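Report on one structure; see the data block that follows.
The values are calculated or read from the model by the stated rules, or taken from the named source; none is laboratory data. Since the structure is predicted, the reported quantities are computational estimates derived from the model, not experimental observations. For neighbour counting, all protein chains shown are included, and Cβ atoms are generated from backbone atoms with ideal geometry for every residue, glycine included. To get the accessible areas, we keep the full protein, side chains included, count just its heavy atoms, and leave off ligands, DNA and RNA. Shrake-Rupley method; radii C 1.70, N 1.55, O 1.52, S 1.80 Å.
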Amino acid sequence: MLRDDIVESLLGKTTQKKKSRTPAKLDFLQSATGLFLAIFMIFHMLFVSSILISKDFMYSVTKAFEFNFIIDGGSRVPVFISIAIVTLVFIFHAFLAIRKFPISYREVLRLKTFSNLMKHSDTNLWIIQVITGFALFFLGSIHLYTMLTNSGNIGPFASADRVYSDLMWIVYILLLIAVEFHGAIGLYRLSVKWGWFDGDNPKESRKRLKKVKWILSGVMLTLGVATLISYMKIGYAHQSHYGDRYVPQMEISSEN
Ligand code: HEM
C-alpha cells in the first residue's frame, strides 16, 4: 500500500469509489509544478548568491535578466514577466496542495499517532512538508509581491537595502528554512512516487535518496545563510545611502 493511500484511508478519504481520472491528473500537475519550482529554486539560489563572488558580478546577473544585451540599459519588463510566471505557478501549486492538507485537528492527531506507531519516517517527512508548505503560503507570497512591485529595484545595493534596512532578513531566514526543507523533501517524494531512481533495489535506493535529500538541504541552507549574511553586511555599510543604486566599477573607472 502506498503511503498516500494509507494516509488517505486513515483520513477517511478513500479513493476507491472514485472512477474519475481528475485526481490522477491533478496529482500529475502537482508533481510537475513542484518539480518546476524546485528546479527554479536551485537556479534562484545560484543567481542570488552571485553576491558572494562580487557586487559587480551580481550587478551583471541582474542586468542580464533585464535583457541589457538587447535593450539599452535594461528594462524591468522581462524581470516582471518572469516573476509573474513564477508567481502563477506558485499559486497553482499551492492551490493543488490544499487537497492534501489535513482539514481538522482530529486528522492531524490521527496522522501523528499513525506516524509514531509505525515509526514511518516518510510520514514524518510528509508532515514536515505540510507544515513548511503552510508557512510558504505566507512567506513566499510576501517575497513574490515585493519582487513584483520592485522588479526594477534589484541589485547589489537595492537588494542589500531591502534585506537590511527594510528588515526583509526576518522573512528571508524563515523563507529560506521553509523552502529548502520543503523543496528537498518534495524532490525526494517525487523520485519515490514516480520511481525515477528505483534501480534493482528500491529499498536501498530510497535510503540513498534520503541521504541526497539531506545533503541538498544542507548545501542550499549553507549557501543561503552565507548569501543572506553578505547582503546584511552590504546593507549595514550602505544604510546612510539607503536608496542609492549601485554603479559598477567599470562605469566608475570609465567616467574618471
Ligand atoms: C522570479 C521570481 C523571483 C525573483 C526574481 C526573486 C529574486 C530574489 C532576490 C533578488 C533576492 C535577494 C534579496 C532581495 O533582493 O530582496 C531573493 C532572495 C530570496 N528569495 Fe527570491 N525571487 C523569486 C522567487 C522566489 C521564490 C518562489 C522563493 C521561495 C518560495 C524565493 C525565496 C527566496 C529566499 C529564501 C531568499 C533569501 C536568499 C538567501 O537567504 O540566500 N524566491 N530573491
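Would you mind computing, in nm to one decimal, how far apart the modelled labels at Ile131 and Arg99 are, each placed 7 Å from Cα along Cα→Cβ?
2.6
Using a 1.4 Å probe, what is the accessible area per residue for the chain, in Å²?
61
Percent of Cα-Cα pairs more than 21 Å apart in the stretch 161-256, please.
Across the stretch 161-256, Cα pairs with separations above 21 Å total 55 percent.
Give Lys100/Lys207; Lys55/Lys207; Lys112/Lys210; Lys112/Lys213 a once-over and call out the pairs whose C-alpha atoms are over 32 Å from each other.
Lys55/Lys207
What distance in nm lies between label points placed 7 Å from Cα along the C-beta direction at Thr146 and Ala84?
Each label point lies 7 Å from its Cα, and together they span 2.3 nm.
Each residue of the stretch 144-154 in order: what ³J(HN,Hα) in whole Hz does its phi give by Karplus 6.51 cos²θ - 1.76 cosθ + 1.60, θ = phi - 60°, with x for Gly and Pro?
Ordered by residue, 3J(HN,Hα) equals 5, 5, 4, 5, 4, 8, 10, 4, x, 10, 10 Hz.
Rounded to the nearest angstrom and ordered from largest down, what semi-axes does the equivalent ellipsoid of the stretch 3-244 get from its C-alpha gyration tensor (root of 5λ)?
38, 19, 18
Taking the simple approach of a point 7 Å from Cα along Cα-to-Cβ for both Ile91 and Glu251, what is their distance in nm?
3.3
To the nearest 10 degrees, how steeply does helix 202-238 sit against the main Cα axis of the chain, on a 0 to 90 scale?
It is inclined by approximately 30 degrees.
Determine the share of the stretch 3-244's accessible area contributed by carbon and sulfur atoms, expressed in whole percent, with a 1.4 angstrom probe.
70
Taking the chain as the reference, fit the longest principal axis to its C-alpha atoms, fit the long axis of helix 105-118 to the helix C-alpha atoms, and give the angle between the two in degrees, 0 to 90, nearest 10.
Between helix and principal axis, roughly 70 degrees.
How big is the gap, in Å, between the Cα center of the stretch 56-103 and the Cα center of the stretch 143-212?
Centre-to-centre (Cα) distance: 15 Å.
Mind checking Rg over Rh on the stretch 83-223, alpha carbons, Kirkwood formula for Rh?
That ratio equals 1.03.
Would you work out which of Tyr236, His182, Leu223 lies farthest towards the positive end of the dipole of the stretch 177-256, given +1 charges on the beta-carbon of Lys and Arg and -1 on that of Asp and Glu, about the Cα centre?
His182
Once Lys and Arg get +1 and Asp and Glu get -1 on their Cβ, which of Ser31, Phe69, Phe47 lies farthest toward the positive end of the dipole of the stretch 18-94?
Positive-end residue among those listed: Ser31.
Among Lys207, Lys63, Lys233, which one shows the biggest mean-square fluctuation in a GNM of the chain, springs joining Cα atoms closer than 10 Å?
Of Lys207, Lys63, Lys233, the most mobile in the Gaussian network model is Lys207.
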